[in-house]
Amino acid sequence: MSGSFFETVGSAIRLELVSARGSTPREAGTVMYVSSDRSEGTIGGGRLEYIAIEAARDMLIAGSVERRLELPLGPEIGQCCGGHVAISMLLLDAGALALEETRHAEARKQLPAVYIFGAGHVGRALAAACALLPVHTVLVDEREAELEGCSAPVRRCLTPLPEAEVRSAPPGSAFVVLTHDHALDFIIAAEALMRGDAAYVGMIGSKTKRASFERWCAKSSAPVGDTTPLVCPIGAAGSGDKRPEVIAAYVAAEVIARLTAAREPGDAAVQKITSGGGLHE
């Protein structure tokens, strides 16, 4: 089925957690949508979501416009979270769904950006991992063939000057540097650090490479300043497994931890993007 959820259903129920007390699988403000045969997003899964979806479809059958559902997350419904949620349920027609799609498009523009420099094996694996997250992922390389090898649904940027992409990135972006050239790595990492507003700057390598970078910065005429924010090696909390997909998994976790820590829990761009996977251009 082509098109977004909002474009392909005639009517749907909008479910919003308006209250989430105690231990709950999602926070207040989380939204999902339910049509007669599909759903978009999640309010936490499990028995809670099953009951909510069933109630939403009952509303569609009955033609009900509005309802409020109060659920204790305990033995009564077969869950053990121990919290309590209140769910606001509202019928949306085609016009209202079009407005929701517009709101989602605006929210997508506010998602944090992750720039991956280097489309080699690790870069492509990291792009695939980030494609599942609520971020805009940009894979940057000066080699067309390497970029063409990326099948992940992310933006690919072919450029002879990768460092220029650092300068034009939005505030609060994350930069992961893993090109085929150490000198280029140093230039890109320095540009990212000089911005002063990056949520994450990481460079593939080792403690030895980090020391080399710091010596390079000391000799450089560029005002790099403090190199402490640089994460190098990246994914250091990992298992030591050097397979690209494993490295990518640890780095993606590292990056999203920084990005989510940098944003307020109630941030609209986080709360309103509710699809099961990442949203990207």
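Are any of the residues in the stretch 81-102 over 17 Å from Tyr33 (Cα atoms) and hydroxyl-bearing (Ser, Thr, Tyr)?
Checking the stretch 81-102: not a single residue is over 17 Å from Tyr33 (Cα atoms) and hydroxyl-bearing (Ser, Thr, Tyr).
Scan the stretch 207-222 and tell me whether some residue there is crowded, with 16+ Cβ neighbours inside 10 Å, within 24 Å of the chain's Cα centre (by Cα) and more than 16 Å from Pro112 (Cα to Cα).
Checked against the condition, which is being crowded, with 16+ Cβ neighbours inside 10 Å, within 24 Å of the chain's Cα centre (by Cα) and more than 16 Å from Pro112 (Cα to Cα), the stretch 207-222 yields no hits at all.
Just give me the residues in the stretch 29-40 being surrounded by fewer than 19 Cβ atoms within 10 Å (Cβ to Cβ) and in contact (Cβ under 8 Å) with a residue 24 or more places away in the chain, in sequence order.
Within the stretch 29-40, Gly29, Ser36, Arg38 qualify.
Quick one: what pairs do we get from the stretch 13-25, first residue without any contact (Cβ under 8 Å) to a residue 12 or more places away in the chain, second assigned to a strand (DSSP E or B) and crowded, with 19+ Cβ neighbours inside 10 Å, C-beta under 9 Å, 6+ apart or different chains?
Pairs found: none.
Would you mind telling me which numbered condition in (1) closer than 26 Å to Pro233 by Cα; (2) of a type outside the set (D, E, K, R); (3) outside any helix (DSSP H, G or I); (4) open to solvent by less than 10 Å² (accessible area, probe 1.4 Å) Ala152 fails?
Answer for Ala152: the failing condition is (4).
Out of Glu191, Glu142, Glu163, which single residue is open to solvent by 50 Å² or more (accessible area, probe 1.4 Å) and acidic (Asp, Glu)?
On inspection, the qualifying residue turns out to be Glu142.
Which residues, taken from the stretch 28-46, are in contact with a strand residue (DSSP E or B) (Cβ under 9 Å, 6 or more places away or on another chain) and either of a type in the set (A, V, I, L, M, F, W, C) or over 20 Å from Ser4 (Cα atoms) (or both)? If you could, list the steps in order and put the result at the bottom.
To start, the set of residues in the stretch 28-46 that are in contact with a strand residue (DSSP E or B) (Cβ under 9 Å, 6 or more places away or on another chain) comprises 28-36, 38-44.
Correct list: Ala28, Gly29, Val31, Met32, Val34, Ile43, Gly44.
Name every residue in the stretch 47-68 that is over 14 Å from Met32 (Cα atoms) and open to solvent by 30 Å² or more (accessible area, probe 1.4 Å), in order of residue number. Explain how you work it out, then say what you get.
Let us first name the residues in the stretch 47-68 that are over 14 Å from Met32 (Cα atoms), namely 47, 58-68.
Correct list: Arg47, Asp58, Leu60, Ile61, Ala62, Gly63, Ser64, Val65, Glu66, Arg67, Arg68.
With respect to the numbered conditions (1) in contact with a helix residue (DSSP H, G or I) (Cβ under 6 Å, 6 or more places away or on another chain); (2) over 30 Å from Ala12 (Cα atoms); (3) open to solvent by 10 Å² or more (accessible area, probe 1.4 Å), which one is the sole condition not fulfilled by Val114?
Checking Val114 against (1) in contact with a helix residue (DSSP H, G or I) (Cβ under 6 Å, 6 or more places away or on another chain); (2) over 30 Å from Ala12 (Cα atoms); (3) open to solvent by 10 Å² or more (accessible area, probe 1.4 Å), the one that fails is (3).
Residue by residue, here is whether (1) over 20 Å from Ala252 (Cα atoms); (2) buried (at least 23 other Cβ atoms within 10 Å of the Cβ); (3) touching a Phe, Trp or Tyr at 6+ places or on another chain (Cβ under 7 Å) holds:
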{"residue": "Thr137", "(1), (2), (3)": "no, yes, no"}
{"residue": "Arg156", "(1), (2), (3)": "no, no, no"}
{"residue": "Val177", "(1), (2), (3)": "no, yes, yes"}
{"residue": "His180", "(1), (2), (3)": "no, no, no"}
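Answer with yes or no whether Ala119 is under 28 Å from the mean Cα position of the chain (by Cα), closer than 30 Å to Leu178 by Cα, at pLDDT 90 or above and open to solvent by less than 50 Å² (accessible area, probe 1.4 Å).
In short, yes.
Within the stretch 121-129, can one find any residue that is within 27 Å of Ala189 (Cβ to Cβ) and part of a strand (DSSP E or B)?
no
For the stretch 69-79, check the following and say yes or no: at least one residue is in a loop (DSSP other than H, G, I, E, B), open to solvent by less than 60 Å² (accessible area, probe 1.4 Å) and either touching a residue at least 24 places away in the same chain (Cβ under 8 Å) or under 24 Å from Ala249 (Cβ atoms) (or both).
Yes, the stretch 69-79 contains at least one residue that is in a loop (DSSP other than H, G, I, E, B), open to solvent by less than 60 Å² (accessible area, probe 1.4 Å) and either touching a residue at least 24 places away in the same chain (Cβ under 8 Å) or under 24 Å from Ala249 (Cβ atoms) (or both).
The values are calculated or read from the model by the stated rules, or taken from the named source; none is laboratory data. Bear in mind that the values here come from a model prediction, so they are computed numbers and not experimental data. For neighbour counting, all protein chains shown are included, and Cβ atoms are generated from backbone atoms with ideal geometry for every residue, glycine included. Please note that ligands, DNA and RNA were not included when accessible areas were found on the heavy atoms of the full protein model with its side chains. Shrake-Rupley method; radii C 1.70, N 1.55, O 1.52, S 1.80 Å.
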